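Read through the structure below, which is laid out as structure tokens, and then see the notes.
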Amino acid sequence: MSAVAPSAPAARRALAEGLELVESRRAALRAAQRSRAGTARGADAATAAPPTADASASTRRDPLRLAARLAPVLGLGLCIGLVVWGLQSGVLRSLAHLQQFIDSLGLWGPAVFVGASLASTVFPIVPGGLLVIAAPLLFGPVEGTLYSYLAISAGSMLNFAIGRQVGLGLIERVFSPRTVEKYLGWTRSGHFARGFATAIVLPVAPDDLLCYLAGTTRMRWRTFALIILAGKPWTLLAYGLGVSTLLTRFWPW
């Protein structure tokens, strides 16, 4: 038996119904895609939203962040107190009197100085640059530079270890997030090791922060130690010994 061919109007209706079905499915698909995109944008906006008052208050109450902000102020107050005591006791009457007082302390003098320098490298209690300049004045050019080298090298190694074990979470609590983000871009460069070595030799960036950040990268311990041990002597000779020599020459004490 031969099949009956559909009429032309019936074929057109079937084609139109098929096209409408395809178009409705496309519209439903586009609506679903817009819905998912809107949900994703909402989640991103919620994630990138500025911190609430509670979050800001929690940040301000962070004891470590508060200690990092107060430490330089306390260190400055301690330095002022020591200067006042030194002037009243006669220790700071002249450089010779100060050196005699340091010599009278025996091993405690170098031990306290190295401890203070190491602590200032890890945590900003006293500006490290002041201790670097003071070392040759207190202990002589050779011993003072050696003490600074030992303390700063050990502190830098400790910073690297802390950065490797803890990561950016602790670093952003100690340092300003804006400062961290500024120098964090260095670590994303393919030539970070070269830039880090340059910054260690030339005082163009905060060494303590860079040592922390270096610990968060893939830099090897061997590479870091080589940069610190080989680069720091030049900085100490140029900055510490050089500035202290200029001070004693143009500002006799």
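The values are calculated or read from the model by the stated rules, or taken from the named source; none is laboratory data. Model, not experiment: these values are computed from the prediction. Virtual Cβ from ideal backbone geometry, glycine too; neighbours counted across all protein chains shown.
Please work out if Gln165 is more than 29 Å from the chain's Cα centre (by Cα) and in a helix (DSSP H, G or I). I'd like the intermediate steps shown before the answer.
On the way: more than 29 Å from the chain's Cα centre (by Cα): no; in a helix (DSSP H, G or I): yes.
So Gln165 does not fit the description; no.
Rundown of residues vs (1) in contact with a Phe, Trp or Tyr (Cβ under 8 Å, 6 or more places away or on another chain); (2) over 26 Å from Tyr149 (Cβ atoms); (3) at pLDDT 85 or above, yes/no style:
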{"position": "Gly163", "(1), (2), (3)": "yes, no, yes"}
{"position": "Arg173", "(1), (2), (3)": "no, yes, no"}
{"position": "Ser176", "(1), (2), (3)": "no, yes, no"}
{"position": "Pro203", "(1), (2), (3)": "yes, no, no"}
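Taking Ala225, is it surrounded by fewer than 20 Cβ atoms within 10 Å (Cβ to Cβ), in a helix (DSSP H, G or I), out of contact with any Ser or Thr (no Cβ under 6 Å at 6 or more places or on another chain) and in contact (Cβ under 8 Å) with a residue 40 or more places away in the chain?
For Ala225, the condition - surrounded by fewer than 20 Cβ atoms within 10 Å (Cβ to Cβ), in a helix (DSSP H, G or I), out of contact with any Ser or Thr (no Cβ under 6 Å at 6 or more places or on another chain) and in contact (Cβ under 8 Å) with a residue 40 or more places away in the chain - is met.
Could you please find all residues in the stretch 228-253 being surrounded by 16 or more Cβ atoms within 10 Å (Cβ to Cβ) and of a type in the set (D, E, K, R)?
Lys232
Which of the residues that make up the stretch 73-115 are part of a helix (DSSP H, G or I) and touching a residue at least 60 places away in the same chain (Cβ under 8 Å)?
Leu95
For the stretch 206-222, which positions are more than 30 Å from Arg61 (Cβ to Cβ), in contact (Cβ under 8 Å) with a residue 12 or more places away in the chain and not in a helix (DSSP H, G or I)?
Thr217, Met219
Might you check whether a residue that is over 27 Å from Gly106 (Cα atoms), among the β-branched types (Val, Ile, Thr) and in a helix (DSSP H, G or I) occurs anywhere in the stretch 136-158?
No - not one qualifying residue is present in the stretch 136-158.
Would you tally the residues in the stretch 128-142 being surrounded by fewer than 17 Cβ atoms within 10 Å (Cβ to Cβ) and out of contact with any Cys (no Cβ under 9 Å at 6 or more places or on another chain)?
Adding up the residues that qualify gives 4.
Quick check: is even one residue across the stretch 195-202 touching a Leu at 6+ places or on another chain (Cβ under 8 Å), surrounded by 19 or more Cβ atoms within 10 Å (Cβ to Cβ), touching a residue at least 24 places away in the same chain (Cβ under 8 Å) and aromatic (Phe, Trp, Tyr)?
Yes, there is a match, as at least one residue in the stretch 195-202 is touching a Leu at 6+ places or on another chain (Cβ under 8 Å), surrounded by 19 or more Cβ atoms within 10 Å (Cβ to Cβ), touching a residue at least 24 places away in the same chain (Cβ under 8 Å) and aromatic (Phe, Trp, Tyr).
From the list Leu137, Leu107, Leu158, Leu146, exactly one residue is of a type outside the set (S, T, N, Q) and at pLDDT below 90. Which is it?
One residue alone meets the criteria, Leu137.
With the requirement that a residue be crowded, with 18+ Cβ neighbours inside 10 Å, among the hydrophobic types (A, V, I, L, M, F, W, C) and assigned to a helix (DSSP H, G or I), what does the stretch 169-192 give you?
Listed by number, the residues that qualify are Ile171, Val174, Phe192.
Quick check: anything in the stretch 136-149 among the polar types (S, T, N, Q), closer than 18 Å to Pro206 by Cα and more than 21 Å from the chain's Cα centre (by Cα)? Break it down stepwise before answering.
Let us first name the residues in the stretch 136-149 that are among the polar types (S, T, N, Q), namely 145, 148.
If we keep only those that are closer than 18 Å to Pro206 by Cα as well, we get 148.
This time we only want the ones that are more than 21 Å from the chain's Cα centre (by Cα), so: 148.
Yes; the residues of the stretch 136-149 include at least one that is among the polar types (S, T, N, Q), closer than 18 Å to Pro206 by Cα and more than 21 Å from the chain's Cα centre (by Cα).
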